[in-house]
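Engineer: Right, I'll just put the structure down here and ask away after.
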Amino acid sequence: MEIAENRDAEKVNVTVTVRYFAILKDQRGLTSEKVSTEAATLSALYNDLAAAHGFSLKQNQLRVALNDKFVDWQEPLAEGAQVVFIPPVAGG
Amino acid sequence: MEIAENRDAEKVNVTVTVRYFAILKDQRGLTSEKVSTEAATLSALYNDLAAAHGFSLKQNQLRVALNDKFVDWQEPLAEGAQVVFIPPVAGG
Amino acid sequence: MFKFAAEKFEIDPLKKSLEDDRAGAVVCFEGIVRNRNEGKAVVTLEYEAYETLGQTEAENILDEAHTRFGILDALCVHRVGELKVGEMAVFVAVTSAHRHEAYLASRYIIDEIKTRLPIWKKETYEGGSSDWVNCQHLSSASACEASHGSK
Amino acid sequence: MFKFAAEKFEIDPLKKSLEDDRAGAVVCFEGIVRNRNEGKAVVTLEYEAYETLGQTEAENILDEAHTRFGILDALCVHRVGELKVGEMAVFVAVTSAHRHEAYLASRYIIDEIKTRLPIWKKETYEGGSSDWVNCQHLSSASACEASHGSK
């Protein structure tokens, strides 16, 4: 919804917070960052970040959460959203 | 083996200790007794005692132990043996 | 390690005796005296055991669990005497490298304990009636029914 | 009840919170840091969790266990931070009227916790090398292999 309002040309630029855990945290060297992106989906955002920072994990090894809920990779991004890419887990 | 040695006619008389647990203890009114018997096997001994004291459990509901080991009902009796008839169990 | 306990016992020292750096999993089972059994309100419960044979049979069960499941260690303690609702009647602890074996062994041990150990329980109900509970035998279900005086 | 614990915790108060006269069975699982993992000598282990999402997901798992198995109650505590060999990483306790449901629910909870909770562990080995352990994902085995730097 907000995307539609904020649209100025073809691409929309939103700022989201990305939190990093485990191997992604090590590879990014950060626990979280604000990212200004034109990516329309979580999938596109991960591809951009993986290319920029050389993340070793492929998207199909990850799950993704938006605002503390597991969501689909095709979910659109909204201004101010919190994004977490979830590496293979190993609890217990 | 001892039965053969002690045989004086057709029947051999041996004295064994019978211990009672649970419902058999209640029905006999004793925790243990010495029994002088001509029964050749544990099976025969139980039948005699059940008839004498009105035990409600049938032999096929019981297991039997001789000298602290589970044994077959056809096991012969020896002088001084300890016999336990084991009602249906309910541990745990 | 198996033992009968005539009094309440603490489980921490028992678990401590199983500590092992190779252990990745500990599964503990506690069997507790419930306030109801088959629809009747239970007040107290008395366990009676044929302890000599029970000890041997329980040690056999623990050995079998070792052999079958490759666990690190296992122990079981079973109460005898009079117990109240909420008291622990039986405790089983198993350690293993991975959890799968510990769960299987724990379940095996308690199932075999309940089926094979010469232990009997007499429940006393609200109103004062009591009954030997004995439907866990190898005998047929109908034989079990028959052996239950009050059912 | 689920919680993350940043420090060592006692299990007795947790178990006490589950006490219930209707309970006939308590099954407890403890996941312990082992001294070896896949052939390497482990010295310490660090758990990192995405706690907000982990809390929700763990509560979902406990709710599922209730619904599926008809247990009385269940709880789980998962450590985060640095742990040494022998320390408890995760604790699961389940109470039910009869043991069958308690065993099934306990196993269900720990299996789902290990698969679904956003928790990661970094093992530090003798010699100082370390590795994020991460082969429990929904992704394929080959993807898992690839994600293990040191294998």
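We did not get these values from a lab; they are worked out from the coordinates using the rules stated. It should be emphasised that the depicted structure is a prediction, and the values quoted were computed from it without experimental measurement. Positions of Cβ are backbone-derived with ideal geometry, glycine not excepted, and every protein chain shown enters the neighbour counts.
Engineer: Could you figure out which of (1) away from chain C (no Cβ under 14 Å); (2) under 15 Å from C:TYR50 (Cβ atoms); (3) of a type outside the set (Lys, Arg) isn't true of B:PHE85?
Structural biologist: Of the numbered conditions (1) away from chain C (no Cβ under 14 Å); (2) under 15 Å from C:TYR50 (Cβ atoms); (3) of a type outside the set (Lys, Arg), the odd one out for B:PHE85 is (1).
Engineer: Within the range C:86-97, does at least one residue satisfy the condition of being in contact with a Ser or Thr (Cβ under 6 Å, 6 or more places away or on another chain), in contact (Cβ under 8 Å) with a residue 40 or more places away in the chain and of a type in the set (A, V, I, L, M, F, W, C)? Reasoning before the result, please.
Structural biologist: Going residue by residue through the range C:86-97, those that are in contact with a Ser or Thr (Cβ under 6 Å, 6 or more places away or on another chain) are C:92, C:94.
After this cut, where a residue has to be in contact (Cβ under 8 Å) with a residue 40 or more places away in the chain as well, the list is C:92, C:94.
Then keep just the ones that are of a type in the set (A, V, I, L, M, F, W, C); that gives C:92, C:94.
Scanning the range C:86-97, I find at least one residue that is in contact with a Ser or Thr (Cβ under 6 Å, 6 or more places away or on another chain), in contact (Cβ under 8 Å) with a residue 40 or more places away in the chain and of a type in the set (A, V, I, L, M, F, W, C), so the answer is yes.
Engineer: Filter the range D:19-40 for residues that are surrounded by fewer than 18 Cβ atoms within 10 Å (Cβ to Cβ) and closer than 27 Å to D:GLN55 by Cβ; which is nearest to the other protein chains (Cβ to nearest Cβ)?
Structural biologist: D:GLU19
Engineer: For A:LYS34, only one of the following conditions fails: (1) among the charged types (D, E, K, R); (2) in contact with a Phe, Trp or Tyr (Cβ under 8 Å, 6 or more places away or on another chain); (3) away from chain D (no Cβ under 14 Å). What is its number?
Structural biologist: Against the list (1) among the charged types (D, E, K, R); (2) in contact with a Phe, Trp or Tyr (Cβ under 8 Å, 6 or more places away or on another chain); (3) away from chain D (no Cβ under 14 Å), A:LYS34 comes up short only on (2).
Engineer: Let me ask something additional. Just give me the residues in the range B:47-76 being among the hydrophobic types (A, V, I, L, M, F, W, C) and over 18 Å from B:ARG28 (Cβ atoms), in sequence order.
Structural biologist: Here is the first cut: in the range B:47-76, the residues among the hydrophobic types (A, V, I, L, M, F, W, C) are B:49-52, B:55, B:57, B:62, B:64-66, B:70-71, B:73.
Matches in the range B:47-76: B:LEU66, B:PHE70, B:VAL71, B:TRP73.
Engineer: Now for a different question. Go through the range A:39-58 and report how many residues are of a type in the set (Lys, Arg) and touching a Leu at 6+ places or on another chain (Cβ under 7 Å).
Structural biologist: Residues that pass the stated criteria total 0.
Engineer: Still on this model: For the range D:98-130, enumerate the residues that are more than 17 Å from the chain's Cα centre (by Cα), touching a residue at least 60 places away in the same chain (Cβ under 8 Å) and within 14 Å of chain A (Cβ to nearest Cβ).
Structural biologist: D:THR124 - this is the single residue of the range D:98-130 that is more than 17 Å from the chain's Cα centre (by Cα), touching a residue at least 60 places away in the same chain (Cβ under 8 Å) and within 14 Å of chain A (Cβ to nearest Cβ).
Engineer: Take the residues in the range A:11-31 that are free of Cβ contacts under 8 Å to residues at least 24 places away in the same chain and more than 10 Å from chain D (Cβ to nearest Cβ), then tell me which one is surrounded by the most Cβ atoms within 10 Å (Cβ to Cβ). Show your work before the answer.
Structural biologist: Our first condition is that a residue be free of Cβ contacts under 8 Å to residues at least 24 places away in the same chain; within the range A:11-31, this holds for A:25-26, A:29-31.
Retained after the next criterion (residues that are more than 10 Å from chain D (Cβ to nearest Cβ)): A:29-30.
Numbers: A:GLY29: 9, A:LEU30: 13.
Filtering the range A:11-31 for residues that are free of Cβ contacts under 8 Å to residues at least 24 places away in the same chain and more than 10 Å from chain D (Cβ to nearest Cβ), the one surrounded by the most Cβ atoms within 10 Å (Cβ to Cβ) comes out as A:LEU30.
Engineer: With D:LYS3, D:LYS15, D:LYS8 as the choices, which residue is in a loop (DSSP other than H, G, I, E, B), among the basic types (Lys, Arg) and either over 30 Å from C:GLU87 (Cβ atoms) or out of contact with any Lys or Arg (no Cβ under 7 Å at 6 or more places or on another chain) (or both)?
Structural biologist: Only one candidate qualifies: D:LYS8.
Engineer: Hey, can you tell me all the residues within the range D:41-84 that are surrounded by fewer than 16 Cβ atoms within 10 Å (Cβ to Cβ), of a type in the set (Lys, Arg) and in a strand (DSSP E or B)?
Structural biologist: If the condition is that a residue be surrounded by fewer than 16 Cβ atoms within 10 Å (Cβ to Cβ), of a type in the set (Lys, Arg) and in a strand (DSSP E or B), then D:LYS84 is the only one that fits.
Engineer: For the range B:64-86, which residues satisfy the criterion of being assigned to a loop (DSSP other than H, G, I, E, B) and closer than 17 Å to B:LYS34 by Cβ?
Structural biologist: Those that are assigned to a loop (DSSP other than H, G, I, E, B) and closer than 17 Å to B:LYS34 by Cβ: B:ASN67, B:LEU77, B:ALA78, B:GLU79, B:GLY80, B:ALA81.
Engineer: Residue by residue through the range B:33-63, note down the ones that are surrounded by fewer than 17 Cβ atoms within 10 Å (Cβ to Cβ) and part of a helix (DSSP H, G or I).
Structural biologist: Residues of the range B:33-63 that are surrounded by fewer than 17 Cβ atoms within 10 Å (Cβ to Cβ), as a first pass: B:33-34, B:36, B:38, B:40-41, B:43-44, B:47-48, B:51-54, B:56, B:58-60.
Within the range B:33-63, B:SER43, B:ALA44, B:ASN47, B:ASP48, B:ALA51, B:ALA52, B:HIS53, B:GLN59, B:ASN60 qualify.
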